[in-house]
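A.B. asks: Okay, handing you the structure first.
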Amino acid sequence: MSDSSSLTGKTLFITGASRGIGLAIGLRAARDGANVAIAAKTAAPHPKLEGTIFTAAEQIERAGGKALPLVVDVRDEEAVRDALDRTANTFGGLDIVVNNASAISLSTTPKTEMKRFDLMHQINTRGTYMVSKYAIPYLEKAENPHILMLSPPLDMAEKWFAPHLAYTMAKFGMSLCVLGLAGELRSRGIAVNALWPRTTIATAAVQNLLGGDALMQASRTPEIMADAAHALFLKDARGLTGRFLIDDTFLAEEGVTEFSKYRVTAGVPLAPDFFVPETSVAPPGALD
């Protein structure tokens with residue numbers, strides 16, 4: 001199978017797609033005329049978080065796609081199974097799953113409440129595993145099926161674990177799903193990959209939890225992740241699987257040379273994200 005040039009008519013199921021990176025991936029696919037199932041918890045406006053599944057659906061439709069807003073808590077097995085079934089029935093199948101939903105708490109071990117530990121592992125690791133598990137029967141019927149985790153390379157360095165052990169374990173749990181499922185599903189032609197940003201991305205988590213306006217200005221926009229995901233989904237699923245991709249490096253492999261358009265604020269030095277291995281070198285000029 002040769003690489004495609006468009007996601008026209010393809011169906012994506014994206015968790016946590018009411019805002020941020022998940023929504024950006026959906027919008028990029030919608031510009032091709034894709035179908036996007038927005039699987040997220042936010043059905044009513046949140047005082048600190050912009051967007052709901054319904055406002056996201058409106059944006060998807062305006063961008064040229066077809067939207068299916070679904071209230072889904074990825075911790076709820078029945079809700080996940082029902083949402084995948086509704087997606088496949090509505091659009092006639094399922095081509096791409098994006099495990100984007102995630103919880104974060106950058107706390108040390110003594111300061112991490114067990115309910116917060118449980119939340120991160122239930123959403124990040126267990127949610128990713130469960131969505132992927134129940135998507136397999138649908139993806140097996142697709143022409144070029146992909147599963148994508150928004151999770152980091154498995155760089156087993158102490159510096160990533162020591163400051164926030166519970167969160168790192170939960171995010172690496174998503175990446176372990178990539179490692180295992182890529183091998184498990186290779187013979188079935190289902191690609192499983194991870195995508196992670198080299199720099200911080202301007203999302204609600206960065207604004208509210210990590211660094212406020214200052215860090216937002218030192219970030220890239222979610223569109224860099226969306227463009228990288230889009231390029232990945234166009235690849236032959238049998239030829240590219242089991243990889244842990246960094247956004248700008250992968251885009252450079254695909255011929256992208258201009259990265260300044262992804263900056264929130266020109267001239268502000270970009271802030272590095274967690275979990276990027278020291279061996280990962282940015283493409284020439286990407287951080288200028």
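The values are calculated or read from the model by the stated rules, or taken from the named source; none is laboratory data. Since the model is a prediction, treat every value here as computed from it, not as a measurement. Backbone-built Cβ (ideal geometry, glycine too); neighbour counts: all protein chains shown. Please note that ligands, DNA and RNA were not included when accessible areas were found on the heavy atoms of the full protein model with its side chains. Shrake-Rupley method; radii C 1.70, N 1.55, O 1.52, S 1.80 Å.
A.B. asks: Can you tell me which residues in the range 126-135 are open to solvent by less than 70 Å² (accessible area, probe 1.4 Å) and either out of contact with any Pro (no Cβ under 9 Å at 6 or more places or on another chain) or without any contact (Cβ under 8 Å) to a residue 40 or more places away in the chain (or both)?
C.D. replies: Answer for the range 126-135, where residues must be open to solvent by less than 70 Å² (accessible area, probe 1.4 Å) and either out of contact with any Pro (no Cβ under 9 Å at 6 or more places or on another chain) or without any contact (Cβ under 8 Å) to a residue 40 or more places away in the chain (or both): G127, T128, M130, V131, S132, Y134.
A.B. asks: While we're on this one: Give the residues of the range 89-112 that are under 27 Å from A30 (Cα atoms), open to solvent by less than 40 Å² (accessible area, probe 1.4 Å) and not β-branched (V, I, T), sorted by residue number.
C.D. replies: Passing the criteria: G93, L94, D95, N99, N100, A101, A103.
A.B. asks: Now, a different point. Any idea which of V268, V264, V281 is out of contact with any Phe, Trp or Tyr (no Cβ under 9 Å at 6 or more places or on another chain), of a type in the set (V, I, T) and either free of Cβ contacts under 8 Å to residues at least 12 places away in the same chain or under 30 Å from G183 (Cα atoms) (or both)?
C.D. replies: V281
A.B. asks: Moving on. In the range 147-179, which residues are under 17 Å from A103 (Cβ atoms) and among the charged types (D, E, K, R)?
C.D. replies: K171
A.B. asks: Select from the range 113-125 the residues that are over 13 Å from the mean Cα position of the chain (by Cα) and either without any contact (Cβ under 8 Å) to a residue 12 or more places away in the chain or open to solvent by less than 20 Å² (accessible area, probe 1.4 Å) (or both) and list them in ascending order.
C.D. replies: Residues satisfying the conditions are E113, M114, K115, D118, M120.
A.B. asks: For the range 44-68, how many residues are open to solvent by 40 Å² or more (accessible area, probe 1.4 Å), touching a residue at least 24 places away in the same chain (Cβ under 8 Å) and not acidic (D, E)?
C.D. replies: 6
A.B. asks: Can you name the residue in the range 219-234 that is assigned to a loop (DSSP other than H, G, I, E, B) and open to solvent by 10 Å² or more (accessible area, probe 1.4 Å) and is also farthest from R186 (Cα to Cα) among such residues?
C.D. replies: At the first step, the residues of the range 219-234 found to be assigned to a loop (DSSP other than H, G, I, E, B) are 219, 221-222, 234.
In the following step, the residues that additionally are open to solvent by 10 Å² or more (accessible area, probe 1.4 Å) were identified as 221-222, 234.
Numbers: T221: 32, P222: 29, L234: 17 Å.
My answer is T221.
A.B. asks: Applying the selection to the range 240-255, what residues are at negative phi, assigned to a loop (DSSP other than H, G, I, E, B) and within 16 Å of the chain's Cα centre (by Cα)? Outline the logic, then answer.
C.D. replies: The initial filter retains those residues of the range 240-255 that are at negative phi, namely 240-241, 243-254.
From what's left, assigned to a loop (DSSP other than H, G, I, E, B): 240-241, 243, 254.
Listed by number, the residues that qualify are T241, R243.
A.B. asks: In the range 155-167, which residues are free of Cβ contacts under 8 Å to residues at least 24 places away in the same chain and either outside any loop (DSSP other than H, G, I, E, B) or open to solvent by less than 30 Å² (accessible area, probe 1.4 Å) (or both)?
C.D. replies: Within the range 155-167, E158, K159, F161 qualify.
A.B. asks: Still on this structure: Given the criteria open to solvent by less than 20 Å² (accessible area, probe 1.4 Å) and not in a helix (DSSP H, G or I), does A237 qualify?
C.D. replies: Here the answer is yes, as A237 does meet what is asked.
A.B. asks: So which of K41, K66 is in contact with a helix residue (DSSP H, G or I) (Cβ under 9 Å, 6 or more places away or on another chain) and modelled with pLDDT under 95?
C.D. replies: On inspection, the qualifying residue turns out to be K41.
A.B. asks: Please go through the range 171-203 and pick out each residue that is part of a helix (DSSP H, G or I) and open to solvent by less than 30 Å² (accessible area, probe 1.4 Å). Let's see the steps before the verdict.
C.D. replies: Going through the range 171-203, the residues part of a helix (DSSP H, G or I) turn out to be 171-188.
Residues satisfying the conditions are K171, F172, G173, M174, S175, C177, V178, L181, A182, L185.
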